[in-house]
Amino acid sequence: MRMTWLRHFSAAVTLGLCSCAAGSAREATSPKTDHGVHPPATGGTDGQDVGRGAPWPGWMAVPDPQTRPDDIECAGRVEAPIWGFRREDGERVVPVQVDKWAPVVDALPVELPEELRSSVPSGAARRVVDVNDGWLIAIDKGEFGAGLFWIDKLGTRARRIDTALDERIRWISRVKFGVIGIAGLCHGEACARHTMVYRVERNEQGSWALAPHADLVGCPATHVVDHGTDAVLIGTCGALYRVTKAGAETVGQWSKLLIPRAFDASVTGDMHGDAYVSFGRLIARFSKKGKADWFAPTSCASVRLHPGGECSCVTAEGNGKPGP
């Protein structure tokens with residue numbers, strides 16, 4: 001059967017970075033593990049940078065960026081390291097510097113059917129969930145296309161699942177309460193848009209279909225399975241949500257001018273129920289009660305906006321590029 005989903009590809013709404021933050025289109029990405037990732041700066045004591053109120057050496061507690069206009073204005077424009085997270089010993093969350101990231105391409109034991117393979121954009125991210133009659137596959141190439149498909153075990157048949165949606169499914173994952181799919185993309189003037197979360201399950205006819213699960217305010221910048229709570233953490237431009245079997249709850253909120261970095265390791269949870277979000281230079285930690293603590297590396301503790309629009313880092317000691 002010749003598929004006609006390609007014409008739907010180009011019709012997918014092009015969402016992405018809010019106009020308030022500079023940067024490239026948001027795509028489902030993950031930091032490379034073989035290169036481009038560095039541990040946090042050394043110094044201080046184990047787990048605490050003395051006198052600076054941060055849980056990691058080389059970092060310090062900083063005020064909420066909403067109280068510092070230059071932090072907001074310079075979001076995404078200052079030349080500073082980009083940070084993600086990793087788990088040490090499977091428990092403690094530590095920041096890691098991310099120089100490069102690439103689309104996640106999950107393994108698939110069979111080749112894609114020809115009608116699907118010839119239409120998938122080069123370099124697209126691919127998420128795969130194994131089901132008893134084949135595989136569920138979410139394709140994401142940012143504003144260039146996306147979609148959710150089922151293919152059989154032999155890789156000979158394919159069917160698109162999200163044809164009825166205005167916003168395509170770009171990410172799927174299995175959790176204990178089922179398979180979850182996320183629709184939406186941050187690109188252009190998209191901060192006012194919503195993120196739709198669906199359950200991917202069989203309908204009465206036995207075919208794979210979509211059932212609405214949650215409607216979140218803001219486009220989906222980043223998402224990851226929080227294995228400690230069997231939930232999906234979704235960071236939008238404005239809030240962090242935890243999606244569980246019961247629905248979605250708001251974990252924390254921030255200025256819509258700040259958008260989490262668009263790779264999986266930019267959001268994570270820890271064994272205590274706290275959640276961490278990376279905005280590139282800044283990191284926010286949200287407690288179970290929604291309290292936010294903000295951290296920045298001491299090498300770029302704050303930023304300075306110059307009259308010409310240039311942004312530069314200011315160290316914890318107050319050193320930085322002087323204004324004109």
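A compact table of results
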read-out: Breaking point among (1) over 27 Å from Cys311 (Cβ atoms); (2) under 17 Å from the mean Cα position of the chain (by Cα); (3) not in a strand (DSSP E or B), for Ile139; value: (3)
read-out: Qualifying residue in region 279-288 (condition: part of a strand (DSSP E or B) and at pLDDT below 90); value: no
read-out: Residue in region 201-209 that is in contact with a Pro (Cβ under 9 Å, 6 or more places away or on another chain) and either within 21 Å of Gly145 (Cα to Cα) or of a type outside the set (Phe, Trp, Tyr) (or both) present; value: no
read-out: Region 106-116, residues that are aliphatic (A, V, I, L, M) and surrounded by 13 or more Cβ atoms within 10 Å (Cβ to Cβ); value: Leu108, Val110, Leu112, Leu116
read-out: Only one of Gly134, Gly123 that is more than 17 Å from the chain's Cα centre (by Cα) and surrounded by fewer than 14 Cβ atoms within 10 Å (Cβ to Cβ); value: Gly123
read-out: Condition broken by Pro212, with the remaining ones in (1) modelled with pLDDT of 90 or more; (2) assigned to a loop (DSSP other than H, G, I, E, B); (3) surrounded by fewer than 16 Cβ atoms within 10 Å (Cβ to Cβ) satisfied; value: (2)
read-out: Of all residues making up region 248-297, the number that are of a type in the set (A, V, I, L, M), in contact with a strand residue (DSSP E or B) (Cβ under 7 Å, 6 or more places away or on another chain) and within 16 Å of Cys74 (Cα to Cα); value: 4
read-out: Residue count for region 215-247, restricted to those that are in contact with a His (Cβ under 9 Å, 6 or more places away or on another chain), small (Gly, Ala, Ser), buried (at least 24 other Cβ atoms within 10 Å of the Cβ) and in a strand (DSSP E or B); value: 1
read-out: Any hit, region 249-267, residues being over 23 Å from Met60 (Cβ atoms), touching a Phe, Trp or Tyr at 6+ places or on another chain (Cβ under 8 Å) and surrounded by fewer than 23 Cβ atoms within 10 Å (Cβ to Cβ); value: yes
read-out: Scan of region 203-251 for residues that are among the hydroxyl-bearing types (Ser, Thr, Tyr) and within 13 Å of the chain's Cα centre (by Cα), ordered by number; value: Thr222, Thr236, Tyr241
read-out: Any hit, region 187-195, residues being hydrophobic (A, V, I, L, M, F, W, C), surrounded by 13 or more Cβ atoms within 10 Å (Cβ to Cβ) and either over 30 Å from Ser255 (Cα atoms) or modelled with pLDDT of 95 or more (or both); value: no
read-out: Count - residues of region 262-278 that are under 10 Å from the mean Cα position of the chain (by Cα) and in a loop (DSSP other than H, G, I, E, B); value: 1
read-out: Elements of type strands (runs of 3 or more DSSP E) contained in region 1-105, each with 1 or more residues being at pLDDT below 50 and buried (at least 17 other Cβ atoms within 10 Å of the Cβ); value: 29-31
read-out: Per-region count, region 82-111, residues in contact with an Asp or Glu (Cβ under 8 Å, 6 or more places away or on another chain) and of a type in the set (Val, Ile, Thr); value: 4
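Quick grid of which residues meet (1) part of a strand (DSSP E or B); (2) of a type in the set (Val, Ile, Thr):
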position	(1), (2)
Trp150	yes, no
Glu167	no, no
Thr195	yes, yes
Tyr198	yes, no
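The values are calculated or read from the model by the stated rules, or taken from the named source; none is laboratory data. Because the structure is predicted, anything quoted here is derived from the model rather than measured. No Cβ is skipped: glycine too gets one built from the backbone with ideal geometry, and neighbour counts run over all protein chains shown.
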